[in-house]
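The values are calculated or read from the model by the stated rules, or taken from the named source; none is laboratory data. The structure presented is a predicted model; accordingly, all values stated were derived computationally and were not measured. When we count neighbours, we look across all protein chains shown, and the Cβ atoms used for this are built from the backbone with ideal geometry, even at glycine. Side chains are part of the model used for accessible areas, which takes the heavy atoms of the whole protein and leaves out ligands, DNA and RNA. Shrake-Rupley method; radii C 1.70, N 1.55, O 1.52, S 1.80 Å.
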Amino acid sequence: QVQLVESGGGKVQPGGSLRLSCAISGSISTIAFMAWYRQTPREQRELVASIHNHRVAYTADSVKGRFTISRDNAKNTIYLEMNSLKPEDTAVYYCYVDDLGDKYWGQGTQVSVSS
């Protein structure tokens, strides 16, 4: 059974940085689709960035140049490096894996950006 566990969220001031991690337990394909989503109470879940077959597939315009998704195969972990954070980045961040049709979500980690 595959499980995803996010960590690294927290409270940071505008302009600060955080790195989110998503540890994957269980076996998944090396070409699995992996992504970070975020959601606020008022909005639908939004795709932030994705990586597929070891290549970055998508980065939302709102975070382009500030956020970077990456994957460490040896550690079976997905990362989201977040720099120059803004108050509008405040949300619960979820990692997601689609492994050849089998879909998995993490439990989410809160990111709060405020002064």
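Miscellaneous remarks
- Taking every protein chain into account, the accessible area of the chain amounts to 55 square angstrom per residue (probe 1.4 Å).
- Listed by chain and number, the lysines whose C-alpha is less than 22 Å from the C-alpha of LYS11, apart from same-chain residues fewer than 8 away, are LYS64, LYS86.
- Sequence of THR30, THR59 when ordered by accessible area, the most exposed leading, probe 1.4 angstrom: THR30, THR59
- Among SER29, SER17, SER84, the residue with the largest mean-square fluctuation in a Gaussian network model of the chain, with springs joining Cα atoms closer than 10 Å, is SER29.
- Percent carbon-and-sulfur accessible area, the range 5-115, ignoring ligands, DNA and RNA, probe 1.4 Å: 47
- Inter-label distance, VAL2 to LYS75: 2.0 nm, where each label sits 7 Å from its Cα along the C-beta direction.
- Placing a pseudo-label 7 Å from each Cα along the Cα-to-Cβ vector at ILE31 and TYR58 gives an inter-label distance of 1.9 nm.
- Taking amide H as placed 1.01 Å from N in the peptide plane, ASN76 has no amide H partner under 5 Å among residues 5 or more places away or on another chain.
- Ligands, DNA and RNA aside, TYR96 has an accessible area near 20 Å² when probed at 1.4 Å.
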